[in-house]
Amino acid sequence: MVRFVSEHGPGDTAPRVAMFGGTFDPVHLGHLRSAVELRECLALDRVHMMPAHVPPHREAPGVSAAQRLAMLEAGIGDAPGLVADAQELDRDGPSYSGETLASLRRDYGERARLVMSVGMDAFLKLHQWREPQRLFELAHVVVIDRPGHRGPLPDALARLVEGREAMDAEALFRRPAGGVLHLRLPSRMAISATGLRARLAEGRSVRYLLPEAVEDYIRSRNLYR
Ligand code: ATP
């Protein structure tokens, strides 16, 4: 187990940890600013940003996993509490979130408040993931509002989340796992990796949509052209 001293107050020592998974192809300010505000909003000790190896529900990206990880590391830089976590890339075969959450649960312990954060677009497909019930045994699901993506929830998803909705972080964190919280973060950004790849392929500007260090990395290796 990870020896971990939580920073959010005496008497409340259970660590608060989020997994923020994605393809990060490439990472952009919609991801990074969401991770920072998620951490602030939920008083999280750590946000594990985790590139998926073989994304089960997505096309394989056109850039190598090592390059996606390098861009994520460059993008995070020295941001407090954000870590680029390569554990899904280090595993053979497809990355299922259940396995990753189980590994975080082992690392941080039974009392840890574990969060799987997903954007609204990803949440709307949650019922199609492998063993979705198990995700709630391991973690809370925190849904980040994303411009251009809204409900209604498919019936199977509505059934899956029925009775799990928490009103706020305090209510959510009464238990280590099992709840759902919707968050409207202050700086919602209509940035998508699809849009960035299209801009790069067309030779258009991506300035201020992703960190400069990531733009430099992409330009120096002529990626996404
Ligand atoms: P693509 O356009 O290739 O689908 P993406 O921009 O959605 O990529 P992903 O790596 O697939 O990026 O996203 C990882 C996670 O981040 C998902 O849960 C997604 O919903 C969320 N996310 C992506 N962009 C934003 C954004 N602008 N605001 C909030 N959440 C986002």
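The values are calculated or read from the model by the stated rules, or taken from the named source; none is laboratory data. What you see is a predicted model; the values in this text were computed from it and never measured. Quick reminder, even Gly has a Cβ in these numbers, built from the backbone with ideal geometry, and neighbours come from all protein chains shown.
Of note:
- Yes/no for Arg204 being more than 19 Å from Gly98 (Cα to Cα), at pLDDT below 95 and charged (D, E, K, R): no
- Residues in the range 30-66 that are in a helix (DSSP H, G or I) and modelled with pLDDT of 95 or more: 13 in all.
- For Arg113, the criteria (1) out of contact with any Lys or Arg (no Cβ under 7 Å at 6 or more places or on another chain); (2) crowded, with 20+ Cβ neighbours inside 10 Å hold in every case but one, which is (1).
- Of all residue pairs spaced 6 or more apart or on separate chains, those with beta-carbon atoms under 7 Å, a first member in the range 82-96 that is of a type in the set (Gly, Ala, Ser) and a second member that is part of a loop (DSSP other than H, G, I, E, B) are Gly93/Val54; Ser95/Ala52; Ser95/His53; Ser95/Val54.
- Residues considered: Arg207, Arg219, Arg164. Of these, the only one that is out of contact with any Leu (no Cβ under 8 Å at 6 or more places or on another chain) and in contact (Cβ under 8 Å) with a residue 24 or more places away in the chain is Arg164.
- Here Gly77 fulfils each of the conditions (1) modelled with pLDDT of 95 or more; (2) surrounded by 14 or more Cβ atoms within 10 Å (Cβ to Cβ); (3) out of contact with any Leu (no Cβ under 7 Å at 6 or more places or on another chain); (4) of a type in the set (Gly, Ala, Ser) apart from (2).
- Scanning the range 193-225 for residues that are in a loop (DSSP other than H, G, I, E, B) and of a type in the set (D, E, K, R) turns up Glu202, Arg204, Arg225.
- Annotation note: of Leu200, Leu210, Leu196, the sole residue that is surrounded by 11 or more Cβ atoms within 10 Å (Cβ to Cβ), within 14 Å of the ligand (Cβ to nearest atom) and more than 22 Å from the chain's Cα centre (by Cα) is Leu200.
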